[in-house]
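The values are calculated or read from the model by the stated rules, or taken from the named source; none is laboratory data. No experiment lies behind these values; they were computed from the predicted model shown. All Cβ positions, even for glycine, are placed from backbone atoms using ideal geometry, and neighbour counts span all protein chains on display. SASA here: full protein model, heavy atoms, side chains in, ligands and nucleic acids out. Shrake-Rupley method; radii C 1.70, N 1.55, O 1.52, S 1.80 Å.
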Amino acid sequence: MSSGSRFAATMYGKASVVVLLGIVTALISHLIGLNLQQSLALTVFLVMIYATLLLWSQRLPFAFLGIFLLFFLGLLDTKYFVEHSHLDVIMFLIAMMTVIGYLEEDKFFEFIANEIIRRVGISFKIVFMILFFLSGFLAPLVDEVTAVLIISSLVFSLSDRLGINPFPLLLATVFAIVIGGTMTPLGNPVGVLIAFESGFSFIDFLRWSAPISLLSLLVTNFFLLRKYKSYIEEADTKLREKTLEQKGLEGISVSRKILFKDALIFLATLVMLALHHTFEEVMGLERNILLLGIPFLIAGIILITDPQKGFHAFEHKVEWPTLVFFLLLFSAVGALGKSGLIDLLSKTLASFNNLGIEALMVLFVAISVPMSAFMDNVVAVSVLSQVVHGLEASGINSAPFWWLALIISVYAATLTPIGSTANIVATSILEKRYKRPISFVEWIRSGLPVALITISLGVILIYLQIPLMQPYP
């Protein structure tokens, strides 16, 4: 059988599994008492998710087909499509990807990361920790995908020079990127979506989410240092034979003029985003309007002052297929809202409130973890955000549940290689470079304890701070 025939057979086999799972979902939906509209909406939505998991390369066509089916069956209309498409999130990501992509083309981030490793790495344990925390603090500044691209280049370069397996080091940095990304709303699309849905500002993230993220990074680093102890010792022996100063990472050449310009752009973007809420209050603007507007300003300045490189970043560094895919899946959540399914879920959750906030939090976590681990966490939090709005409408203080939605959806994503975009990008790069696919079991062996540790820590810290959390006005 030719390779083309084997590929087609595999695709047909996976497509058959998707159809079978759709039938099972429809039957279960009927058995648990959902009405026809709710059963159909849930089935079509989950079939889109199943196709995403099993037919990743075809996720965008299936998303288009799924939206058509929702329209055709009357489960979605243009009003719900537009309301749930999260255009604010999509446009924010387009503008930020343009800015970061422009800086990335100058090798600005790679230069800084490379210099840190070259100058400070005196033992592999220190290099391991530097790369881990560099990843954790880079993600909330430039987004998780950009952080993966920058850090993975350092991981592979270092691993090749020392002749070591890159997987443990890459996995550790990906965990740090995913966990650290929750420090600010810039770290991943989940944070952006939570910021716009909840109204929380950049400073709110620094106050409530960043400390939890930092503690989670520290605990995860401690766990990984113990788990990979033999790996680190082996690599340290090889590092002593080939010191980084002589045969390690080579320097990256960036002119002082370009470095100064890029540093100015990067720092101006961060400072303005950090102060956006202050600007809004002074100018009497709607909350978070400048969180969306500032990336537009910086991207516009770049496109005017350096159109050749700026438009190249706009065309080639913006993840257009991924953003369209998210927009379509976000919109598909509108069908769950239109059918009343999300309202039903919210009211069911709210009914447990009489058992205490603890029971409600446990149930919320139990729903959030599998959703976030086995479908992209951005899509999961799109559903969860509507559930939190429902809890808020029931008179429940939504503040802790917004932070739970953020922390759980992101931390649970470390459990599997498909939990977040960062995971998928990292495994794809590793497979492409070394022709070595990563199995679920191989990932979960490290991801499961990391997810359990960080989720437990996050839930406890949020619970302890509930008395300090005021309902959002």
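Computed over the Cα atoms, what is the radius of gyration of region 9-66 divided by 2.2 N^0.38 Å, N being its residue count?
Working it through for region 9-66, the quotient is 1.15.
For q = 0.17, 0.18, 0.21 Å⁻¹, what log10 I(q)/I(0) does region 280-418 give under the Debye formula with an equal point scatterer on each alpha carbon and no solvent?
Once normalised to I(0) and log-transformed, intensities are -1.04, -1.09, -1.22.
Size of region 329-408 along its principal axes in angstrom, Cα-based, largest extent first?
Principal extents (Cα only, largest first): 33, 25, 18 Å.
Give me the one-decimal nm value for the distance between modelled label points at Asp77 and Trp320, 7 Å along each residue's Cα-to-Cβ direction.
Reported label-point gap for Asp77 and Trp320 is 3.3 nm.
Counting helices only, and only those DSSP H runs with n ≥ 4, report the 222 nm mean residue ellipticity of the chain as the sum of -39,500 (n - 2.57) divided by its residues, in deg cm²/dmol to the nearest 500.
-25500 deg cm²/dmol
Counting only C-alpha contacts under 8 Å and six or more residues apart, can you give the relative contact order of region 333-401 as a whole percent?
38
With only alpha-carbon pairs counted, each pair once and no self-pairs, how large is the Kirkwood hydrodynamic radius of region 129-175 in angstroms?
About 10.5 Å, per the Kirkwood formula over Cα pairs.
Once all Cα-Cα distances of the chain are split into 20 Å bins that start at 0, what whole-number percent is in each one?
For the chain, the pair-distance distribution reads 23, 56, 20, 1.
What is the Cα centroid distance between region 48-67 and region 296-339, reported in whole angstrom?
19
If I take R0 = 56 Å and measure r between the Cβ atoms of Ser439 and Val282 in this structure, what FRET efficiency does the formula 1/(1 + (r/R0)^6) give, to the nearest 0.05?
Efficiency computed from Cβ-Cβ geometry: 0.55.
For the chain, what are the DSSP H helices with axial Cα length of 30 Å or more and mean Kyte-Doolittle hydropathy of at least -1.0?
Once both thresholds are applied, what remains is 3-31, 440-464.
With Cβ to Cβ distances under 13 Å as the rule, what net charge do the other residues near Leu93 carry (K, R +1; D, E -1)?
Its environment carries a net charge of -3.
If you count, for each residue, the other Cβ atoms within 10 Å and average over each peptide, how do 408-416, 66-74, 34-42 line up from highest to lowest?
408-416, 34-42, 66-74
Based on the Cα coordinates of region 163-303, what is the per residue volume of their convex hull in Å³?
153
Can you run the Rg to Rh ratio on region 30-146? Use alpha carbon positions and the Kirkwood inverse-distance Rh.
We get a ratio of 1.19 for region 30-146.
Run the accessible area of the chain with a 1.4 Å probe and give the carbon-and-sulfur part as a rounded percent.
Summing carbon and sulfur atoms, their accessible area is 68 percent of the total for the chain.
Using packing as a proxy for protection, rank 213-221, 264-272 so that the peptide with the highest average count of other Cβ atoms within 10 Å comes first.
By packing density, highest mean first, the sequence is 213-221, 264-272.
With a 1.4 Å probe and all protein chains kept in place, how much accessible area does Ile126 have, in Å² rounded to the nearest 10?
Only protein atoms counted, so the area is about 60 Å².
Computed over the Cα atoms, what is the radius of gyration of region 118-245 divided by 2.2 N^0.38 Å, N being its residue count?
The value comes to 1.13.
Points 7 angstrom from Cα along the Cβ direction at Met91 and His30: gap in nanometres?
So the label points at Met91 and His30 sit 4.4 nm apart.
Hey, can you find the accessible area per residue of region 322-466 for me, probe 1.4 Å, expressed in square angstrom?
Per-residue value: 34 Å².
In this model, which of Lys125/Lys238; Lys107/Lys227; Lys125/Lys227 are farther than 23 Å apart at the alpha-carbon?
Too far apart for the 23 Å limit: Lys107/Lys227.
Whole number in Å², please: accessible area per residue of region 3-83, 1.4 Å probe, ligands, DNA and RNA not counted.
With the other protein chains kept in place, region 3-83 gives 60 Å² per residue.
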